[in-house]
Amino acid sequence: MSDFTNMATSVAGSKYVAQGNEAFALGVIHAGFHAADGYPGTPSTEVIDKYLSKVQDEINVGWSVNEAVAVAVGIGHAIAGFDTVVTMKTPGAFQAGDPITTSAFYTAEAGAFVLYVATDYVPSSTQHVIDLKYFFASARIPVLEPRDHQEMYDIAFEAADISRKFNTPVVVLASGILAHSEGLITTKESRKIIPREPGADMKNWMVMPGIARKNYNEATTKRIPAVLEYYESSQLVTETEGKDEFGIIISGETAMILKEALGYLNLEPSVLSISCLYPVPEKRITDFCSKIKGKILVYEDGDRFLEEKVRLLGIEVAGKEKYSVITNWTPELLMSDLCVKLGIQCKYEEKKLEIKPLNRPPSICPGCPYKAFGMTVSSLKKSGKIYASFGDIGCSTLLYFMNALDTVLCMGAGDSVRQGFVLSRPEYAHKTISIIGDSCECHSGLDSTRNAVFRNTPGVKVVLDNRITAMTGGQPAPSSPTNLAGIQNKFNMVKALEAEQAKVVVANSYNLKEVDKVLKQALVDAECGEYTTLVLEGPCIHQVQSKHKVRKVKFNRDKCRRCGKCNMCQGIEFDEDKWPHFTQLCTNCAGQGQVCMQVCPFGAIELIEEDVKAKMPEIPDVKAAEKSEINPKLLPDALRVAVRGIGGQGNLFFGKVLAEVALNSPYRDIHIVKGDTHGMAQLGGPVISTFGCGNVHSPVLMPKTADVIVVMEKSEVLREGFLDLLKEGGTVILNSYKALPPRVSIHDYPKDNDIEAVLEGYKVIRIDAESVAKSFGDEQGRTSNVIVLGLLSTIEPFDKIPAGVWTEALMKLSPNELIYKANITAFNGGRNHDK
């Protein structure tokens, strides 16, 4: 039984540290929704993938082939009388724009219809920083923007009620930072909603032009004013009276950051906090502003939607600068803006480091089936045989960093762009290709394939088929063996492509020679006027069983010429003498045919003859510390820690343990927050995790507030702004582990002396966690994160929490006894560091 299953059946008043997406999904179940649909898109994916999919006996849930289809499926559920939510990210809302805006002008009774759209104003995982509030407002669709994790849970109830009460779609526009961070929530009494019976006259769902005009008028003159009246007296607007003369109007996730900034600056203004952004609560805003004697400031994510609405009320406010590019308020930006507008001294000055960390651009994972293809395209580009490759959204986008992909427009559009280029310049038909993943081909890429056949446009389209929707975490696609319900998939992508009358060639993506051969032949055929679709098949490395990812190759130094051709993957690094070594990130290319072995011209990479099995080391029985009571008087008002490393070092588990520890402490009655890097941080990329409990508000830490900062990869201590998080007198835990990105020389790594110079004057505790792991047989260093966690538990103020509370958290989070024993051994190893 999954944790979410237990949460779904919990009693009112239960407390959890939940991811924003998890909190919303739990709200969906407790609010009595009957159906959920969507298309995977970071940062919205987990609502269905990790949570609602685990309770399919409670809710009808599934993935559709794209967002437009998902919206239409959701509307069908609602017409049938079922309360429904459809999930997507910002670009998905545009892809589904037609059915979304058309559905806005249905006015008949139906089940609730809620759109959950996760934004990404940073952006971390999408190309869009566009503010969707303008789009939805023009369609007369009410918009809600949750302000914290508790409201992410509560908003599901509110959205369903508004939708049913006013016969309207409702949009929950959730911040990506809120969706992917975690916070303490308290559950409500769950409810059961009886589905409405379908109306007797199905013609109520017709929107011919004349009907659409009439319904638009009704939505504008009746629905929106009625929703506005509802907002004015709801908890979606809250007012806090302050002591200072100035006032602040704020919306969405920025409200959490504002609380941190005001506390840091010792300011107490009156604050009007709003989570109903369309229509804006005009009376509440007007009444609030009439009481403010000083300046009125407006803070919001996205563009200036709220600010503009307030100005239309005839109220003078200070918002963003005229040509501001701020779409996401960070603590530093918000604090600096407050100080400038109020004319006060800012306490924070960013530390400027002359030495820079290693550049770690996002890259495809070690063992990714795209590797051989990326190397082939890069080589053909260098030789002039390929002029350009037109790309798509998803993991294939990361081929850009291998010089194998040049352009990206949007999902499914790569080959359409190639076609337009070739139609204008036919001489490039055999020197250009398009690249797309299998899930994207099924999403909207098939339309481009059909268009190439229809327009008789020669060229080469490459479909990288890893059998899954990979970038968003491994959700089933039509090209996958099964769907979300585990039912055998009847759809066959290759047959679908053949049915479009395209020439289809299938090859093994791990076979470097085969990939090279079929791609070159397709380019020759393109010169002869033919259109070819290459399907390169190989499983996503994250869908492969662990036993196939155990390294079964080694370097033969007698044969190695140190030519550097194997410098192509995070699974291989080079020492100062240019000798290659395998790292703990090697995944054996899923046992499909190691690409590094195929690349080596001297046969210096050989198979290991003995049978290598994936297993944890033999660990003797261990005794965990007995749980003891926590003395609340010894605990500070808040605990904060930030952890930096690279993807694959276990930052997420680190944070999970901290959250579980806090849940078993007096902090559970105050607040707990946790933030993690998501999106394009692949294995080997830079990641940060933050944690706070007690008198805290935001998972995004203010400068000078962390009690401890943890550095899991040595050079990551240099990452911009990281040292600034540490409070005066705080501690730096510095792990000695070093990791080189592909094609980076050890000579480019920051020098130890330079790093030590940066840390001069700081309280630093150094540890070689990987050596500690090896001391008890963990040769791969899998438990290094737990070793560092053990060390953290001994450092003030974290040492005020007894060891037994920590080990109890490890017990709960370890999936089996063997891993629990390994974790306890590692934890004790960290606690006994230097003893």
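The values are calculated or read from the model by the stated rules, or taken from the named source; none is laboratory data. Computed from a predicted structure; not experimentally measured. Because the Cβ atoms are built from the backbone with ideal geometry, glycine has one as well, and the counts that use them run over all protein chains shown. Calculation scope for accessible area: heavy atoms of the full protein, side chains included, ligands and nucleic acids excluded. Shrake-Rupley method; radii C 1.70, N 1.55, O 1.52, S 1.80 Å.
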Item to complete: Taking the residues in region 377-399 that are assigned to a loop (DSSP other than H, G, I, E, B) and β-branched (Val, Ile, Thr) as candidates, determine which candidate is modelled with the highest pLDDT.
Response: Ile386
Worksheet item: Out of Ser416, Ser378, Ser389, which single residue is under 30 Å from Ala526 (Cβ atoms) and surrounded by fewer than 20 Cβ atoms within 10 Å (Cβ to Cβ)?
Response: Ser378
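Within region 515-562, which residues are β-branched (Val, Ile, Thr) and open to solvent by 40 Å² or more (accessible area, probe 1.4 Å)?
Matches in region 515-562: Val524 only.
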Discussion item. Need the failing condition index for Leu791 against (1) in a helix (DSSP H, G or I); (2) open to solvent by 60 Å² or more (accessible area, probe 1.4 Å); (3) not basic (Lys, Arg), just the number.
Written reply: (2)
Response to the item:
Over region 96-125, the set of residues among the polar types (S, T, N, Q) and surrounded by 24 or more Cβ atoms within 10 Å (Cβ to Cβ) is Ser103, Thr119
Response to the item:
The number of residues in region 413-434 that are in contact with a helix residue (DSSP H, G or I) (Cβ under 9 Å, 6 or more places away or on another chain), without any contact (Cβ under 8 Å) to a residue 40 or more places away in the chain and part of a loop (DSSP other than H, G, I, E, B) is 1
Worksheet item: If Asp287 passes every condition in (1) more than 22 Å from Ser336 (Cα to Cα); (2) touching a residue at least 60 places away in the same chain (Cβ under 8 Å) but one, which one does it miss?
Response: (2)
Item to complete: Check region 664-673 and report whether any residue there is modelled with pLDDT under 90, surrounded by fewer than 21 Cβ atoms within 10 Å (Cβ to Cβ) and part of a helix (DSSP H, G or I).
Response: no
Item to complete: Output the residues belonging to region 134-157 that are part of a helix (DSSP H, G or I), crowded, with 23+ Cβ neighbours inside 10 Å and in contact with a strand residue (DSSP E or B) (Cβ under 7 Å, 6 or more places away or on another chain).
Response: Phe136, His149, Met152, Tyr153, Ile155
Discussion item. So the check is Cβ under 8 Å with 6+ separation or different chains; which pairs have a first residue in region 332-344 that's under 20 Å from Asp724 (Cα atoms) and a second one that's small (Gly, Ala, Ser) and open to solvent by less than 30 Å² (accessible area, probe 1.4 Å)?
Written reply: Glu332/Gly721; Leu334/Ala261; Met335/Ala261; Leu338/Ala261
Discussion item. Taking the criterion of being under 19 Å from Lys352 (Cα atoms), open to solvent by 20 Å² or more (accessible area, probe 1.4 Å) and not aromatic (Phe, Trp, Tyr), would at least one residue in region 737-751 satisfy it?
Written reply: yes
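Sort through Asp37, Asp3, Asp49, Asp57 and tell me the only one that's without any contact (Cβ under 8 Å) to a residue 24 or more places away in the chain and closer than 22 Å to Glu151 by Cα.
Checking each option against the conditions leaves just Asp3.
Only one of Leu484, Leu446 is assigned to a helix (DSSP H, G or I), buried (at least 16 other Cβ atoms within 10 Å of the Cβ) and either free of Cβ contacts under 8 Å to residues at least 40 places away in the same chain or not small (Gly, Ala, Ser) (or both). Can you tell me which? It would help to see each step written out before you state the result.
Details: Leu484 fails: assigned to a helix (DSSP H, G or I).
On inspection, the qualifying residue turns out to be Leu446.
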Worksheet item: Looking only at region 519-544, which residues are assigned to a helix (DSSP H, G or I) and within 16 Å of Pro481 (Cα to Cα)?
Response: Ile541, His542, Gln543
Worksheet item: Restricting the search to region 264-284, which residues are out of contact with any Ser or Thr (no Cβ under 9 Å at 6 or more places or on another chain) and either free of Cβ contacts under 8 Å to residues at least 24 places away in the same chain or within 19 Å of Asn328 (Cβ to Cβ) (or both)?
Response: Asn266
